[in-house]
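Reviewing the structure listed below.
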Amino acid sequence: MFQTLCGRSIRAAQLCARRRAVVVESIRGRKSRNDPVAKSKEGRIKMPPPVDPVEMVVLKERFTEYTLIMTALRLEFREELLRKKYEAEMGSLAAERVRKEADEHRALMDWNRAENQRMLQLRMQRIQKEKEEAEGKELEAALELEQKRQEFIRIKEEEVLQLQEEAKHFITLENLDQRIEEALDNPKNYNFAIDKGGRVIKQTVLK
């Protein structure tokens, strides 16, 4: 009995005693924290590898695209999972909701087609009206141009008639002697002065 008690006390004393430092076996080829820098590495400045700007832009764009695609896929899978869970929990209510959504979508599509048809009719009427207005403006422009041309012809005809009337008083070889005698019999004095109102204020006397 004494031996048993002694054996137990010895083991308890060993357990309560301070433990020694843990001995770790060193691995060949590995440096410890306290080892100095290797001679071949002394004075070496570690530089990061060069980065191509074009490649960086391409990678950034691809990473952004990848992030967006993965986010969309996660949301899609999450929505599908929630829909399946909801359908499994609600059962007939989910089917009724889907049917109502389908009916509402069908009604909205019918309304959309009817509205598109109505807008098409209005657009065709507006185009026809604009076409008629354009044709009316072209007709008015043609009539105005014809009227101006007729007015121009009338003015030219009047000028021709006036010239023909004035040509009767022109001096020709036939009436040259007669016009010379009339000029000698009725002399005219053009040597005079007028004021701002056009009145003759001074005139010389013919001798």
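Calculated accessible area for the stretch 38-170 comes out at 97 Å² per residue, all protein chains present (probe 1.4 Å; ligands, DNA, RNA ignored). The aspartates and glutamates whose alpha-carbon is closer than 20 Å to the alpha-carbon of K84, local same-chain residues fewer than 8 away aside, are E76, E96, E101.
Placing a pseudo-label 7 Å from each Cα along the Cα-to-Cβ vector at R99 and F170 gives an inter-label distance of 10.6 nm. Working from label points 7 Å from Cα in the Cα-to-Cβ sense, the R179 to M70 distance is 11.0 nm. Cross-link reach is defined here as a Cα-Cα straight distance under 16 Å, omitting same-chain residues fewer than 8 places apart; for K156 the lysines meeting it are K148. When nucleic acids and ligands are ignored and a 1.4 Å probe is applied, V57 ends up with an accessible area of around 80 Å².
Annotation: aspartates and glutamates with alpha-carbon distance below 20 angstrom to K188 (same-chain offsets under eight excluded): D177.
The values are calculated or read from the model by the stated rules, or taken from the named source; none is laboratory data. This structure is a prediction, so every number in the text was calculated from the model and none was measured. No Cβ is skipped: glycine too gets one built from the backbone with ideal geometry, and neighbour counts run over all protein chains shown. Accessible surface areas use protein heavy atoms only, side chains included; no ligands, DNA or RNA. Shrake-Rupley method; radii C 1.70, N 1.55, O 1.52, S 1.80 Å.
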